[in-house]
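The values are calculated or read from the model by the stated rules, or taken from the named source; none is laboratory data. Being a predicted model, the structure only gives us computed values, none of them experimental. No Cβ is skipped: glycine too gets one built from the backbone with ideal geometry, and neighbour counts run over all protein chains shown.
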Amino acid sequence: MTSSVCLGAFAGALPFLSGQASAQQQPVAPAVPAGAAPQPAFSFDEMTERMRQKAREAFAETVVGVPDKFAQLDYDQYRAIRFRMDRAVWKNDDLAYELHAFHPGGLYTKPVQIFEIDGPVLREMHFTGADFEYREPLVAADYEAVDLPGVAGFRLHYPLNRPDYRDELITFLGSSYFRALGKGSIYGLSARGLAIDTAAGRPEEFPRFTRFFIERPQPGQNDVVLYAELESERVTGAYSFRITPGINTEVEVDARIFLRGAVERLGVAPLTSMYLFGENDHLGFDDFRPEVHDSDGLLILQQSGERMWRPLVNPVNLALSFFTAENPKGFGLLQRDRAFDSYQDMEAHYERRPSLWIEPLDDWGRGHVMLAEIPSQKEIHDNIAAFWIPDTRAEAGSEYRFRYRMYWGREPEPGTDLAQVLHTRTGHGGTAASDYDEALRKFVVEFKGGPLMGVGADAPLEPRLWVQNASVQNPILQQVETGSWRYIFDLVREDAGRPSEMTLSLALNGKAVTETWMYQWNQTV
């Protein structure tokens, strides 16, 4: 079940400013100096202990600031800076991977450090202005000689879609944000290392990855391992990431978290996406496109095997929903609708945005999956967040370890024998001849697949509809010519000041044959 509140807006994700650098330059030396002095060998356990000790100390941010001329760059000026592809790390080393850096400045004024782990040797990757192109309106001569105090982040390239070209595979940029691609995907939703007090009625704290340690890939190696230190005022962390490209790119995460201060809402494996409007929620947008979103729903797989599907909405007020679970098998923000006709956007290609599924690798105990939906009028805003909240209180001195696997791609959700929710549509209630009544709303939920594919129109299917703060009118179950089944009903809201909650599944001979559809009607239309 769910519960909901409205608290106002909270800060969204920083935008990823990305683009291809020019390939017109002549080859030069890579960004890692050939004669760099080695540092002590890396150990993830040693990093873990170091971050545990830091959590016992007062927070003292030690960030080398960027020069004013970088810090003052506006959006267009920052977009004019491109990493030189001929300076890519490992470009000439006969490896599947290469690394490109993001320039510090603009929104990204807190540089990070990147180190290469090469067996027993640890080297810092050092970058200068010569590693970047400064295009108009910038004057290149004003920047190229600058010695940079670090970089904003980085991206790894890999031949994901064809063997003769290294595509962008994963990007780390801004606070603890990162995002990855599966084969055939283009960038969409993002993930974070940790969420602190997101939509908790107080300023959100944004932990950031401060240092990265990347294992140098070996010839023929198709996965890559990297580590990151995370820190903010109330938390430190040691993270490892094993990245395996594929149709669904896998990222195995080991997050070791230490609290130096109490946290009201600890968000584990946080996901961030965009939902502007869709087939179930499109009023108020005068747009030629039928739908605009990076994700269209939240899926939760309970330990019992129950699959819970919650279509996303763009609410009038911030809406929070909490879904109770114990040792969940997984959750994720998905883009199920893969038809171009659903979006009609030749530039954004929302049908190619990746879904992201989180699979816990250990028992996570009792807790909640929280979904936050924030009002938005523009598709540039990430207004959807989802993450796991453990039931245990996040007090100062607490330690946590969460291991999970992320699947980024076209269809990463686990397979099922159940019919899935195909469509959710809404409109004004009643019949075509009815007078408009804002307290009456029509819902059309369509299921397809699984046991429903072999069921005739006279099958004794039983709708299992539960509603809260509403009464049901005019329910009807229909089989569609395509073989899917629709359940249509009107809701009359009882208390206009509170949202109406509902769940629905179809059963045959007393057994559920569909996943559970969940919805929240929380606005007047």
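Name every residue in the range 272-311 that is closer than 15 Å to Leu189 by Cβ and of a type in the set (Ser, Thr, Tyr), in order of residue number.
Across the range 272-311, the qualifying residues are Thr272, Ser273, Tyr275, Ser295.
Hey, any hits in the range 397-405 for a residue that's of a type in the set (D, E, K, R) and either in a loop (DSSP other than H, G, I, E, B) or crowded, with 19+ Cβ neighbours inside 10 Å (or both)?
no
Since Glu438 meets every condition but one in (1) at negative phi; (2) out of contact with any Ser or Thr (no Cβ under 6 Å at 6 or more places or on another chain); (3) not in a strand (DSSP E or B), which condition does it not meet?
(2)
Does the range 350-357 include one or more residues that are part of a helix (DSSP H, G or I) and surrounded by 21 or more Cβ atoms within 10 Å (Cβ to Cβ)?
yes
Kindly provide the set of residues from the range 413-427 that are among the small types (Gly, Ala, Ser) and either buried (at least 18 other Cβ atoms within 10 Å of the Cβ) or in a strand (DSSP E or B) (or both), ordered by number.
Ala419, Gly427 - these are the residues of the range 413-427 that are among the small types (Gly, Ala, Ser) and either buried (at least 18 other Cβ atoms within 10 Å of the Cβ) or in a strand (DSSP E or B) (or both).
Return yes or no: is Asp490 outside the structural domain of Asn280 (by TED's automatic domain parsing), assigned to a loop (DSSP other than H, G, I, E, B) and either surrounded by 15 or more Cβ atoms within 10 Å (Cβ to Cβ) or on the phi < 0 side of the Ramachandran plot (or both)?
No.
Got a number for residues in the range 290-325 being in contact (Cβ under 8 Å) with a residue 60 or more places away in the chain, assigned to a loop (DSSP other than H, G, I, E, B) and charged (D, E, K, R)?
Residues in the range 290-325 being in contact (Cβ under 8 Å) with a residue 60 or more places away in the chain, assigned to a loop (DSSP other than H, G, I, E, B) and charged (D, E, K, R): 2 in total.
Could you tell me whether Tyr187 is in contact (Cβ under 8 Å) with a residue 24 or more places away in the chain and in contact with a helix residue (DSSP H, G or I) (Cβ under 6 Å, 6 or more places away or on another chain)?
Criteria not met by Tyr187.
For the range 374-410, which positions are more than 28 Å from Ile257 (Cα to Cα) and either within 15 Å of the chain's Cα centre (by Cα) or among the basic types (Lys, Arg) (or both)?
Those that are more than 28 Å from Ile257 (Cα to Cα) and either within 15 Å of the chain's Cα centre (by Cα) or among the basic types (Lys, Arg) (or both): Lys378, Ile380, His381, Arg410.
Filter the range 293-319 down to residues that are aliphatic (A, V, I, L, M) and surrounded by fewer than 21 Cβ atoms within 10 Å (Cβ to Cβ) and give me whichever is nearest to the chain's Cα centre (by Cα).
Checking each candidate, the answer is Leu318.
Pairs needed: first member in the range 73-94, assigned by TED's automatic domain parsing to the domain that holds Asp167; second member anywhere, charged (D, E, K, R) and part of a loop (DSSP other than H, G, I, E, B); C-beta distance under 7 Å; at least 6 residues apart or different chains.
Ala80/Arg135; Ala80/Glu136; Arg82/Arg135
Please enumerate the residues belonging to the range 493-525 that are in a strand (DSSP E or B), among the charged types (D, E, K, R) and farther than 26 Å from Asp458 by Cβ.
Answer for the range 493-525, where residues must be in a strand (DSSP E or B), among the charged types (D, E, K, R) and farther than 26 Å from Asp458 by Cβ: Arg493, Glu501.
It is to be established whether one or more residues within the range 429-443 are under 30 Å from the mean Cα position of the chain (by Cα), closer than 22 Å to Asn522 by Cβ and touching a residue at least 24 places away in the same chain (Cβ under 8 Å).
Within the range 429-443, one or more residues are under 30 Å from the mean Cα position of the chain (by Cα), closer than 22 Å to Asn522 by Cβ and touching a residue at least 24 places away in the same chain (Cβ under 8 Å).
Could you grab me the full set of residues in the range 428-448 that are surrounded by fewer than 18 Cβ atoms within 10 Å (Cβ to Cβ), more than 18 Å from Leu283 (Cβ to Cβ) and among the β-branched types (Val, Ile, Thr)?
Thr431
Residues checked against (1) outside the structural domain of Asn161 (by TED's automatic domain parsing); (2) out of contact with any helix residue (DSSP H, G or I) (no Cβ under 9 Å at 6 or more places or on another chain):
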| site | (1), (2) |
| --- | --- |
| Glu233 | no, yes |
| Glu250 | no, yes |
| Val253 | no, yes |
| Arg256 | no, no |
| Pro270 | yes, yes |
| Tyr275 | yes, yes |
| Asp281 | yes, yes |
| Phe285 | yes, yes |
